[in-house]
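> Take this structure first; my questions come after.
Where a number appears in this text, it was derived from the coordinates with a stated rule and is not lab data. None of the values given here were measured: they were computed from a predicted structure. Here the Cβ positions follow ideal geometry from the backbone for every residue, glycine too, while neighbour counts run over all protein chains shown.
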Amino acid sequence: MLKFLLRRFANYLVLVALATTMGYFLAATSLNARANYEGRNPRPSQTSIDAKLNELNLNNHTPVVKRFTRWAGDFVRGDMGKTFDERPVWGEMKQRMGVSLRLLLLGSLFGAALGVAMGVIGAVKQYSFTDHFTTAWAFVLLSTPVFLLAVLLKFGAVKYWNAHVPDSVHLYYVGEKNPGLTGTSFVLLRDRIAHLILPTLGIVLGQVAFYSRYQRNSFLDVMGSDFLRTAQAKGLRRRTALIKHGLRTALIPMATFFAYSFGLLLTGATFTEKIFGWHGMGEWFIDSIAKNDINVVAAVIVFSAVLILIAGLIADLLYAALDPRVRIR
Amino acid sequence: MEVLREAEVLDPDHETGEIISRGRLVWRRFLRRKSAVAGGVILIALFVVAFAGPHLTRWQYLDQDLSNALQGPSGNHWFGTTQIGQDVFARTMRGLQKSLVIGLLTAFFSTGTAAVVGASAGYFGGWVDRVLMWIVDLLLVLPSFLIIAILSPQFRGKTWLLFVVLLAAFSWMITARIVRGLTLSLREREFIQAARFMGVPSRTIIFRHLLPNMSSFLIIDATLNVGGAILAESGLSFFGFGVQPPDVSLGTLIADGTPSFLTYPWLFLFAGGLLIVAVLAVNVMGDGLRDALDPNSSAVKARTRTK
């Protein structure tokens, strides 16, 4: 069991290292930091541009392999380079990671839990109104891109929610808190939650739809299986049999989907952050591409690769916990 | 009992004893799913509207009607006008064209790549398999959105076909895994073995024997990929990483409309609505196709079980 997880971990680690390397090479060759300086007015002298670019390790005239070794060497020592405005990348990354992780954590937890629950309900009450209703909405949500959903949520919140409810329960759609607000910690917390609801919904809804579809199918498969009939024949109540024996088996394929969907979740969070004005990693990524800020882009690649690694490991752990056959290997 | 040829089956659903071809059977099953038929009809209608629509109005997508800038929907401008007086209907139709065509092409290339890579990995095994699956794993670790966004400065000012190639290049991995799995089980079947012992070259075995035997899966996958590709395209275009101005796609239209989504909702609502409808139609149709083509799929099994 431990050997299995260690082997998976080593495998992931190599993958992350390779993916980051590939990402750095792509970013370093595709983005041209020099253009930022050349576009300035008055235009700086060639030598001063080169000096600045060399200092930041962004000079596109330096061979990319050389730039990468310098970046990787610094990275191993815990230095992720500097942003374009010459602040350490790591300092800003720390803050932004917190912002993103809050969204991602809520998104994946609520998404997976609610999705599985809806899928099970849909399967147990197959062809009931609830089933048709959730299936229809799951299809609509799966067909709605996150950015459109985010805009529609804003639209709905302003036109239909905020217009009809008292000020105290208003939903906000810019940033993660009201900057000027003072008061007790309860007031501050409530303000945070009022800001959190819309962006979280923006990524949770899609995840719920995704999981509920797969969970419904996999639970339907399990419901017809012989071992459940046996369990009931031996005197277990249907509900107990379904939850204790059925759900566990039906959850196994979900573990794999969890790892796959995490990449989607990351992309989705990029959209929600940008649209709801959260200063997280996704927003940073979008802004840095426009600014040709290679070091920041590399940092975001590291961040997302590590998160996908963690998601993969969690998926493996879930897999091992749910499926006893894995543990024997 | 008479012997049936391979392509003919006793109709298992009607149990009339009538002999019909597999194509007829699939078609009948598909028609029985009302939602899937509706999806297909809507999809065709969208294509017709997207390409015929621009001819119904006198405005082109780049025309400016400066005296009527930022007006709501009216008889003259069906979907209203933008800040600089462009006709939203003409722009939306143009965007719909782009999104649909990009979605179709991307899905085609993506599923095609997946089929070739997955079948090669499964058929040859050994180091070919290991290398190809490593590439798949590697590409799965980097979200395709990040890669294409990083590469976007490279295709700025070039043809949108390059964008299609990139979209396809980073969306085939999961399908390839499934194809590989299917190939592994097909590889041991007698007809593949027979072909191999007769000296049929590997390439012919893959294209003539392996892939046609999973055509159902590939058709379903390609259909569902159209939806995924449209979503990916519009998402990238939303941030300016995809279709470049002056050309438009549904994604860029929605991006242009969102800053003023409260005051001038017609700027994004039509494009957004059509985007959802298009992807929904593809997804519902794909779901129906799955039931029709693949009788072993869980949905059909579940239905016969409850009967």
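> Could you work out, residue by residue across B:277-286, how many beta carbons of other chains sit within 10 Å of that residue's beta carbon, and then give the average as an integer? All intermediate terms of the calculation are to be shown ahead of the outcome.
Numbers: counts 2, 1, 6, 7, 1, 1, 6, 3, 0, 0.
Taking the mean over all residues of the peptide, I get 3.
> Filter the trypsin sites (Lys or Arg not before Pro) in the range B:104-199 to those in DSSP coil with at most 13 other Cβ atoms within 10 Å of their Cβ, and list the result.
Values: sites: B:R130, B:R156, B:K158, B:R177, B:R180, B:R187, B:R189, B:R196; in loops: B:R156, B:K158, B:R189.
The qualifying sites are B:R156, B:K158, B:R189.
> Does a label point 7 Å from the Cα of B:R203, set along Cα-to-beta-carbon, have any residues of the range B:155-188 with amide nitrogen under 15 Å, and which are they?
None, by backbone N distance to the label point.
> I've got another one for you. For the pair A:L188 and B:Q64, how long in nm is the line joining their label points, each one 7 Å along Cα→Cβ?
Output for this residue pair reads 5.0 nm.
> Which of A:V326, B:H55, A:Y127 sits closest to the plus end of the dipole of the protein assembly as shown, meaning its Cα is farthest towards the positive end, when Lys and Arg get +1 and Asp and Glu get -1 on the C-beta?
A:V326
> Let me ask something additional. If I model the range A:97-290 as equal point scatterers sitting on the Cα atoms and use the Debye formula, what is log10 I(q)/I(0) at q = 0.15, 0.18 Å⁻¹?
With one equal scatterer per Cα and no solvent, log10 I(q)/I(0) is -0.94, -1.15.
> Turning to a different aspect of this structure: Please identify the trypsin sites (Lys or Arg not before Pro) of the range A:28-90 that satisfy two criteria: DSSP loop assignment and at most 10 other Cβ atoms within 10 Å. Which are they?
Passing both the DSSP loop test and the Cβ count: A:R40, A:R77.
> Something else about it: For the range A:95-168, state the average projected area of the convex hull of the C-alpha atoms over all orientations, rounded to one decimal in nm².
7.2
> Please work out whether chain A counts as rounded, prolate or oblate from its C-alpha gyration tensor, where a ≥ b ≥ c are the square roots of the eigenvalues and a/c under 1.5 means rounded, while otherwise a/b larger than b/c means prolate and anything else oblate?
It is oblate, given that a/c is not under 1.5 and a/b is not larger than b/c.
> Compute the angle between helix B:34-56 and the longest alpha-carbon principal axis of chain B, please, reported from 0 to 90 degrees and rounded to the nearest 10.
In chain B, helix B:34-56 runs at an angle near 40 degrees to the longest axis.
> If each DSSP helix of 4+ residues adds -39,500 (n - 2.57) and the sum is divided by the residues in chain B, what number results at 222 nm, nearest 500 deg cm²/dmol?
So the helix-based figure for chain B works out to -22000 deg cm²/dmol.
> Dividing the Cα radius of gyration by the Kirkwood radius, what Rg/Rh value follows for the range B:18-306? Kindly include the intermediate steps, with their values, before the conclusion.
On the way: Rg = 22.3 Å, Rh = 21.1 Å.
Radius of gyration relative to Kirkwood radius: 1.06.
> For the pair A:S45 and B:R32, what calculated FRET efficiency results from E = 1/(1 + (r/R0)^6), where r is the Cβ-Cβ distance and R0 = 56 Å, to the nearest 0.05?
Efficiency at R0 = 56 Å is approximately 0.15.
> Can you give the FRET efficiency for B:L161 and A:A290, using 1/(1 + (r/R0)^6), R0 = 30 Å, r = Cβ-Cβ distance, to the nearest 0.05?
Efficiency, from the Cβ-Cβ distance: 0.80.
> Modelling each spin label as a point 7 Å along the Cα-to-Cβ direction, I'd like the B:V49/B:E188 distance in nm, to one decimal.
5.1
> What size of dipole, in debye to the nearest 20, comes out for chain B about its Cα centre when the only charges are +1 on Lys and Arg C-beta atoms and -1 on Asp and Glu C-beta atoms?
For chain B, the charge dipole is close to 420 debye.
> Hey, got the Cα dimensions of the range A:87-137 along the principal axes, in Å, largest first?
Taking max minus min along each principal axis of the Cα atoms, the range A:87-137 gives 58, 16, 9 Å.
> Further question on the same structure: If you wrap a convex hull around the Cα atoms of the range B:116-189, how much volume per residue is inside, in Å³? Walk me through the numbers before you get to the answer.
Details: hull volume 6.3 nm³, N = 74.
That works out to 84 Å³ per residue.
> A further question on this structure: How far is helix B:22-32 tilted, in degrees, relative to the longest principal axis of the Cα atoms in chain B, given as a value from 0 to 90 rounded to the nearest 10?
The helix B:22-32 is inclined about 40 degrees to chain B.
> Which whole-number percent gives the relative contact order of chain A, counting Cα pairs below 8 Å spaced six or more residues apart?
With pairs under 8 Å counted, the relative contact order is 28 percent.
> Calculate, axis by axis, the spread of Cα positions in the range B:153-194 along the three principal axes, and write the results as whole Å, longest axis first.
The Cα atoms of the range B:153-194 stretch 52, 19, 10 Å along their principal axes.
> Using the alpha-carbon centroid of each, what span in Å lies between the range B:50-129 and the range A:91-118?
Using only Cα atoms, the two centres lie 32 Å from each other.
> If exposed means no more than 11 neighbouring beta carbons inside 10 Å and the site is in a DSSP loop, what's the longest run of chain B without any exposed GluC sites (Glu not before Pro)?
That gives B:19-187 as the longest site-free run.
> Ok, one more. Stretch A:K244-A:A117 to full length: gain in nm at 0.36 nm per residue minus the Cα-Cα span?
This chain segment gains 44.3 nm when fully extended.
> Turning to a different aspect of this structure: Which values, in whole Å and largest first, are the semi-axes of the equivalent ellipsoid of the range A:132-237 obtained as the square root of 5 times each eigenvalue of the Cα gyration tensor?
Each semi-axis is √(5λ); the values are 40, 19, 12 Å.
> Per residue, how big is the convex hull around the C-alpha atoms of the range B:100-258? Give it to me in cubic angstrom, could you? Let's see the in-between values first.
Working: hull volume 17.6 nm³, N = 159.
Considering the Cα atoms of the range B:100-258, their hull volume per residue is 110 Å³.
> In whole angstrom, and with the biggest value first, how far do the Cα coordinates of the protein assembly as shown range along each principal axis?
91, 65, 61
> Name the residue from A:F155, B:V131, B:I44 whose Cα lies farthest towards the positive end of the charge dipole of the protein assembly as shown, charges +1 on Cβ of Lys and Arg and -1 on Cβ of Asp and Glu.
The Cα lying farthest towards the positive end belongs to B:V131.
> Compute the angle between helix B:215-238 and the longest alpha-carbon principal axis of chain B, please, reported from 0 to 90 degrees and rounded to the nearest 10.
20
> Another question, if that's okay. Before rounding to the nearest 500, sum -39500 (n - 2.57) across all DSSP H runs of length at least 4 in chain A and divide by the residue total; then give [θ] at 222 nm in deg cm²/dmol.
-24500 deg cm²/dmol
> Which of the lysines could be linked to A:K52 by a straight reach, that is with a Cα gap under 20 Å, when you skip same-chain ones fewer than 8 residues away?
A:K66, A:K82, A:K291
> Looking at chain A, do any whole DSSP H helices span at least 30 angstrom along their long axis by alpha carbon and average 1.6 or above on Kyte-Doolittle, and which?
Long hydrophobic helices here: A:294-322.
> Then there is this: What whole number of Å gives the distance from the Cα centroid of the range A:184-241 to the Cα centroid of the range A:248-268?
When both Cα centres are located, 13 Å separates them.
> Report, in whole Å, the centroid distance computed from the Cα atoms of the range B:237-294 and the range A:37-85.
39
> Let me ask something else about it. For the range B:165-286, what percent of Cα pairs sit more than 21 Å apart? Walk me through the numbers before you get to the answer.
Values: 4114 of 7381 pairs.
Tail fraction, whole percent: 56.
> Which lysines have a Cα less than 23 Å from the Cα of A:K125, not counting those fewer than 8 places away in the same chain?
Answer for A:K125, where 23 Å is the Cα cut-off: A:K244, B:K34, B:K301, B:K307, listed by chain and number.
> Cross-link candidates for B:K98: which lysines have Cα within less than 19 Å, leaving aside residues fewer than 8 places away along the same chain?
B:K158
> Kindly state, as a whole number, the per residue volume in cubic angstrom of the convex hull around the alpha carbon atoms of the range B:79-145.
About 94 Å³ per residue, rounded to a whole number.
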